[in-house]
Structures are given as C-alpha cells and as structure tokens.
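Everything on this sheet refers to the single structure shown next.
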Amino acid sequence: MAFGQAEDPGLSISAQLDAVEYPAQREEMVQAAEDNGAPVDIINVLKSLPREEYASREDAMRDLAEAARRFASGGLRDDDGVNRDRRNIGRDAVEHAPEGHTRHP
C-alpha cells in the first residue's frame with residue numbers, strides 16, 4: 001500500500017489463477033491473465049512457471065510459493081555448494097553447526 005491506496009485485489013496473481021478451469025496449461029493461465037488486464041509482472045511470473053500443465057490451483061500456488069522462496073533466498077549456496085532448497089533445509093539446521101547450537105533455516 002502506498003499513500004493510502006490499496007492494490008486492486010482483482011489484479012492479484014491469486015485472482016488470475018481463479019480465472020482458469022483446471023487442469024490448465026501454463027499458456028492458458030498466461031492468456032487468462034492477459035485477458036483480465038493483469039500487470040506485466042504477473043504475466044511474466046506465470047510464464048516462468050516450471051510445469052506445462054497444472055492439475056489444480058493449489059499446484060500452481062505451490063510452484064509460485066517455491067519460486068518466491070527461492071527468489072527470497074537470492075540463490076545462495078549452502079555449505080555443500082548446492083542452492084538452498086527443500087532437499088537440504090532440515091539437514092542444514094543441525095549439520096555443520098557449532099557445538100551446542102543449531103542453525104535455523
């Protein structure tokens with residue numbers, strides 16, 4: 001929110017995902033967002049989804065959440081040289097931590 005103005009919820013990515021029938025192709029999701037006048041940023045995010053087809057809205061939201069999590073971590077590498085992801089997040093909480101400490105991911 002800026003200067004007392006709120007974002008139009010109809011232009012949110014969630015609303016764009018509600019505008020398609022599932023299962024849906026990624027391209028159908030992009031087309032629906034374009035047809036609804038979604039901002040370019042949302043259209044680009046939908047274009048970058050990893051799967052060609054989504055069985056449900058929840059599947060699409062899961063991939064969007066994963067993309068946001070990876071973006072937030074900045075693609076940082078862990079101790080083993082692998083990008084931070086779900087495969088090693090729990091392990092890193094305890095391995096390689098100083099004696100008597102754990103690292104919270």
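Counting pairs of Cα atoms in the stretch 10-66, how many percent are more than 19 Å apart?
12 percent
Mind listing which GluC sites (Glu not before Pro) in the stretch 17-70 are in a DSSP loop and have 11 or fewer other Cβ atoms within 10 Å?
E21, E52
Read-outs: derived from the displayed coordinates by stated rules, not from any lab. In this text, all values refer to a predicted model and were calculated from it rather than measured experimentally. Cβ sites come from the backbone with ideal geometry, for glycine too, and all protein chains shown count toward neighbours.
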